[in-house]
1. When the residues of segment 1-13 are narrowed to those that are open to solvent by 40 Å² or more (accessible area, probe 1.4 Å) and in a loop (DSSP other than H, G, I, E, B), which ends up nearest to Glu131 (Cα to Cα)?
2. Which condition does Gly97 not pass, out of (1) within 13 Å of the ligand (Cβ to nearest atom); (2) in contact (Cβ under 8 Å) with a residue 12 or more places away in the chain; (3) small (Gly, Ala, Ser), if it passes all the others?
3. For segment 45-57, give me each residue that is within 11 Å of the ligand (Cβ to nearest atom), in contact with a strand residue (DSSP E or B) (Cβ under 9 Å, 6 or more places away or on another chain) and touching a residue at least 24 places away in the same chain (Cβ under 8 Å).
4. Taking Met130 as the residue in question, decide whether it is more than 17 Å from Val27 (Cα to Cα) and either hydroxyl-bearing (Ser, Thr, Tyr) or open to solvent by 70 Å² or more (accessible area, probe 1.4 Å) (or both).
5. For Cys82, only one of the following conditions fails: (1) touching a residue at least 60 places away in the same chain (Cβ under 8 Å); (2) more than 12 Å from the ligand (Cβ to nearest atom). What is its number?
6. Collect the residues in segment 14-24 that are surrounded by 13 or more Cβ atoms within 10 Å (Cβ to Cβ), part of a loop (DSSP other than H, G, I, E, B) and more than 14 Å from the chain's Cα centre (by Cα), keeping them in residue-number order.
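The values are calculated or read from the model by the stated rules, or taken from the named source; none is laboratory data. Keep in mind that this is a model prediction, so the values were computed, not measured. Cβ coordinates were reconstructed from backbone atoms using ideal geometry, including for glycine residues, and neighbour counts include every protein chain displayed. Side chains are part of the model used for accessible areas, which takes the heavy atoms of the whole protein and leaves out ligands, DNA and RNA. Shrake-Rupley method; radii C 1.70, N 1.55, O 1.52, S 1.80 Å.
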Amino acid sequence: MQVASILKDKGASVITIAPSATIADAVRLLNEHRIGAVIVMENHKLRGIISERDIVRSFGKFGAGALAQPVESMMTTKVITCSKADTADDLMDLMTGGRFRHVPVLEHGEVIGIISIGDVVKHRFAEKEMETEALKLYIANS
Ligand code: AMP
C-alpha cells in the first residue's frame, strides 16, 4: 500500500502553524482537530514539526510559562518526510527507526499531507484482512 492511497482515503488536509505562534496556540490546534502533531510553516516553507511530546517537554523546561513560549523554541527542525510513492512499510521503518509518529508528505517541495502511525496501522490492518479473505475464498474454492 502506497502513501498516495492512504492520502486518498484520509484527505490531504494539513494543519499548520507559524514558528512565532505560541505553544498555547499549538495546544488549541491539537485539541480542535484531535491530532498529535502540527506542521510548522513559514512563507509556504516547511520549517519544523511540533508534537504533543514536544509540548510536554516544554512544560518540563519552562513550567507553567511554557504556554507563552513560541512554537520555534520546541519544534523539531530536521523533519523526516516521505513522498506519495513510499509504501506503508517504508513509513513503518521510518517511524520505528526515528521514534516519531508523524511524517509529512512532500511533492515538488510542497507539503501535500501528513501520515500518522494510526493511519499506517489502520491501512496495514485493512490490507491483512483483505489478504485473509482472499485466502479463505481460495481455500473454499479449491
Ligand atoms: P511524535 O511521536 O510524532 O509525537 O514525535 C516525537 C518527537 O519526534 C517530537 O520531538 C517531534 O517533534 C519529532 N517528530 C515528529 N515527527 C517527525 C518527523 N517526521 N521528522 C522528525 N522529527 C519528528
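1. Checked segment 1-13; the qualifying residue nearest to Glu131 (Cα to Cα) is Met1.
2. (2)
3. Result: Leu46, Gly48, Ile49, Ile50, Ser51.
4. Against the criterion (more than 17 Å from Val27 (Cα to Cα) and either hydroxyl-bearing (Ser, Thr, Tyr) or open to solvent by 70 Å² or more (accessible area, probe 1.4 Å) (or both)), Met130 qualifies.
5. (2)
6. Ala18, Pro19, Ala21
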